[in-house]
Amino acid sequence: MRVVEPDAEGLRRAVEILRAESVVAFPTETVYGLGANAFSRRAIGEVYRLKNRPSWNPLIVHVASVDAARELAAEWPAAADELAARFWPGPLTLVLRRAAHLAGVGAANDTVAVRIPAHPVALRLLEASGLPLAAPSANRSESISPTTAEHVVRSLPDVPLVLDGGPCSWGIESTVLDLTTPVPTLLRPGALSLRVLRDVTGAIALRDTETADGAARPAPGMSRRHYAPRAKVVLVRDVREADRSGLPEPVAALTYEGAAAPAYGKAEILSADPREYAADLYAALHRLDDAGAGAILVQEPPATEDWLAVRDRLSRAAA
């Protein structure tokens with residue numbers, strides 16, 4: 001594997017690899033993605049192989065423009081225009097009816113998940129390659145998403161090339177909104193809050209059933225277990241008083257400013273602001289894993305809508 005600067009030569013090599021139907025890891029504003037030509041079954045197969053990703057877990061396609069997104073969709077509702085105008089480039093993925101000329105990108109139905117990333121390196125790569133890039137997070141399936149090039153290297157050492165764009169600014173995956181339903185439906189909470197989306201769409205429906213592993217789904221991030229470190233994760237009401245008996249040693253803690261701080265083991269204390277907490281969440285889990293934690297007790301975040309994405313990631317990590 002080669003980690004390279006995203007300069008002209010690095011981008012040239014990345015484009016060469018993508019056009020040869022292989023894969024490249026690249027930064028987005030959310031997490032690092034493992035990109036493949038969305039029109040190449042061979043390249044997409046390589047993504048699933050390297051990640052050891054289940055075939056039923058679909059991929060998000062990244063494009064450089066709204067026009068490129070429209071070309072992948074059989075239908076483009078008015079809501080898509082409004083959301084794209086407001087939030088693209090940015091951490092919002094839209095699920096739409098898939099155009100007939102695009103093969104299914106992991107989804108077992110007629111939909112495609114698409115977004116324009118808000119990272120200069122990702123956009124330069126998309127423009128230079130001229131390809132829509134199917135790109136899940138660049139890590140082994142179910143493990144912690146990568147927010148630095150180093151995280152990618154440790155999780156996926158066989159990736160041919162990593163474009164190093166530094167740490168990801170949002171640090172948590174995009175919000176996924178399904179526009180094929182009568183009312184837009186939240187499939188995965190993420191970097192964009194429901195509040196700002198409702199300003200555009202009005203009502204947003206929430207899925208009230210969990211998608212069983214192996215079942216068809218229109219978007220990634222819906223598996224029961226996901227985003228998990230090697231250490232056992234346990235959500236608790238108070239990390240100071242939680243029962244640590246029976247947990248793998250050493251026990252570490254993850255909490256936030258103003259909440260309980262433990263008197264034992266290594267602790268990561270993140271911001272009490274939900275966006276700032278989300279931006280450092282995966283990096284903190286990586287740090288605790290790297291420090292050899294056997295278990296991580298996590299202070300439950302507030303049960304408010306602003307913390308929805310963080311609570312989603314932590315509950316899946318603890319599953």
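What pairs come up if the first residue lies in region 306-317 and is closer than 19 Å to Pro91 by Cα and in contact (Cβ under 8 Å) with a residue 12 or more places away in the chain, the second is of a type in the set (Ser, Thr, Tyr) and surrounded by fewer than 19 Cβ atoms within 10 Å (Cβ to Cβ), and their beta carbons are under 9 Å apart, counting only those six or more places apart or on different chains?
Short answer, once both residue conditions are applied: Asp306/Ser193; Leu308/Ser193; Ala309/Ser193.
Is one or more of the residues making up region 52-66 more than 20 Å from Ser155 (Cα to Cα), surrounded by fewer than 19 Cβ atoms within 10 Å (Cβ to Cβ) and over 21 Å from the mean Cα position of the chain (by Cα)?
No - not one qualifying residue is present in region 52-66.
Somewhere in region 264-278, is a residue modelled with pLDDT under 95 and on the phi > 0 side of the Ramachandran plot?
yes
Residues checked against (1) over 20 Å from Pro6 (Cα atoms); (2) modelled with pLDDT of 95 or more:
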{"site": "Ser22", "(1), (2)": "no, yes"}
{"site": "Ala64", "(1), (2)": "no, yes"}
{"site": "Arg70", "(1), (2)": "yes, yes"}
{"site": "Ala99", "(1), (2)": "yes, no"}
{"site": "Val105", "(1), (2)": "yes, no"}
{"site": "Asn109", "(1), (2)": "yes, no"}
{"site": "Ala118", "(1), (2)": "no, yes"}
{"site": "Ala122", "(1), (2)": "no, yes"}
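How many residues does region 264-287 contain that are touching a Ser or Thr at 6+ places or on another chain (Cβ under 8 Å) and basic (Lys, Arg)?
So the answer is 0.
Within region 247-266, which residues are buried (at least 19 other Cβ atoms within 10 Å of the Cβ) and within 17 Å of Asp290 (Cα to Cα)?
Of everything in region 247-266, those that are buried (at least 19 other Cβ atoms within 10 Å of the Cβ) and within 17 Å of Asp290 (Cα to Cα) turn out to be Val251, Ala252, Ala253, Leu254, Gly265.
Restricting to region 187-206, name every residue that is in a loop (DSSP other than H, G, I, E, B) and either within 17 Å of His62 (Cβ to Cβ) or of a type in the set (Gly, Ala, Ser) (or both).
Correct list: Gly190, Ala191, Leu192, Ser193, Gly202, Ala203.
Going by what's in this entry, would Ser141 be described as surrounded by 24 or more Cβ atoms within 10 Å (Cβ to Cβ), over 21 Å from Leu18 (Cα atoms) and in contact (Cβ under 8 Å) with a residue 40 or more places away in the chain?
Answer is no for this residue.
List pairs: first in region 31-54 and over 16 Å from Ala103 (Cα atoms), second small (Gly, Ala, Ser) and surrounded by fewer than 18 Cβ atoms within 10 Å (Cβ to Cβ), Cβ under 9 Å, 6+ apart or cross-chain?
Lys51/Ser141; Asn52/Ser141; Arg53/Ser141; Pro54/Ser141; Pro54/Gly214
Within region 172-205, can you find the residues that are hydroxyl-bearing (Ser, Thr, Tyr) and more than 17 Å from the chain's Cα centre (by Cα)?
Thr180, Thr181, Thr185, Thr201
Of all residues in region 150-188, count the ones that are surrounded by fewer than 22 Cβ atoms within 10 Å (Cβ to Cβ), aliphatic (A, V, I, L, M) and in contact (Cβ under 8 Å) with a residue 24 or more places away in the chain.
Residues in region 150-188 being surrounded by fewer than 22 Cβ atoms within 10 Å (Cβ to Cβ), aliphatic (A, V, I, L, M) and in contact (Cβ under 8 Å) with a residue 24 or more places away in the chain: 3 in total.
Is one or more of the residues making up region 22-29 touching a Ser or Thr at 6+ places or on another chain (Cβ under 7 Å), crowded, with 23+ Cβ neighbours inside 10 Å and of a type in the set (A, V, I, L, M, F, W, C)?
No; the residues of region 22-29 include none that is touching a Ser or Thr at 6+ places or on another chain (Cβ under 7 Å), crowded, with 23+ Cβ neighbours inside 10 Å and of a type in the set (A, V, I, L, M, F, W, C).
The values are calculated or read from the model by the stated rules, or taken from the named source; none is laboratory data. Just so it is clear, the model here is predicted, and its values are computed rather than measured. For neighbour counting, all protein chains shown are included, and Cβ atoms are generated from backbone atoms with ideal geometry for every residue, glycine included.
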